[in-house]
Structure formats: structure tokens, C-alpha cells
Amino acid sequence: MPALLLVLIFRAIEEACKALRKRRQMKPRPLCAGCVHAHVQYATNGRTAISCTFAGFVRPIAMDVIYCTDYRDRNVAPRVVRVGFVHEIGKAEPLAEVATAAGERLARVGRSD
């Protein structure tokens with residue numbers, strides 16, 4: 001009878017440990033872990049230290065972030081942004097034709113004298 005009681009206690013402790021491990025594993029990955037601006041340090045015991053480097057400053061993040069207005073996915077190619085107001089520049093004349101046209105005008109002016 002004491003052996004059966006010992007086995008039951010041992011099983012109860014084992015099940016409690018499994019339940020605690022499962023609860024720890026269910027914690028979701030923070031949004032900052034996949035951000036371009038995040039500096040993430042992974043410890044050997046499974047803990048992480050995250051710092052945000054947006055706008056050039058390093059700020060330690062003490063909570064798990066689920067939404068961020070400055071979030072940029074680090075696995076996506078950077079977007080190309082056009083700078084300026086002109087989207088297309090008109091085609092320019094080749095320089096050789098311009099030089100030839102100027103030479104013809106000079107030749108005409110020289111003949112008329």
C-alpha cells in the first residue's frame with residue numbers, strides 16, 4: 001500500500017511539471033522579434049532581451065508588444081520610394097544632333113556675311 005501511494009504522488013508531481021512546461025511554451029513570440037528596428041538578445045535559458053532602435057535611439061522593451069506603429073518586417077524587401085515631383089523625364093536630344101544643328105546655324109550666319 002505505501003508503494004502505491006508513493007507511485008501516485010510521483011505521478012501527480014510529474015503531471016504538474018508537464019502542465020507548467022506546457023503553460024510556459026504557450027507564450028506567443030513578441031512582435032518586436034521580427035522587426036527591422038529591433039535588437040534582440042537570446043539567452044541560453046530561453047529568455048530574450050529586446051531593445052527598439054527606431055529613430056536612432058536604443059530603448060529597452062520591458063513588455064511583450066502586440067502592435068506597433070513603427071513596425072517593419074525584417075523579412076520583406078525594402079520598398080522603393082520615389083523622391084521629387086517629376087515621375088518621368090522627357091527624352092532629351094542626343095548631343096551630336098545638337099552640335100550639328102549649332103554648326104549648321106553658324107555656317108549659315110557665316111555665308112550671309
Dimensionless Rg ratio for the range 5-78, taking C-alpha atoms and the 2.2 N^0.38 Å reference: 1.64
Size descriptor, Kirkwood hydrodynamic radius, that averages inverse alpha-carbon separations across the range 1-47, Å: 14.0 Å
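Every number in this text was worked out from the coordinates using simple rules, so none of it is lab data. These numbers were taken from a predicted model, which means no experiment stands behind them.
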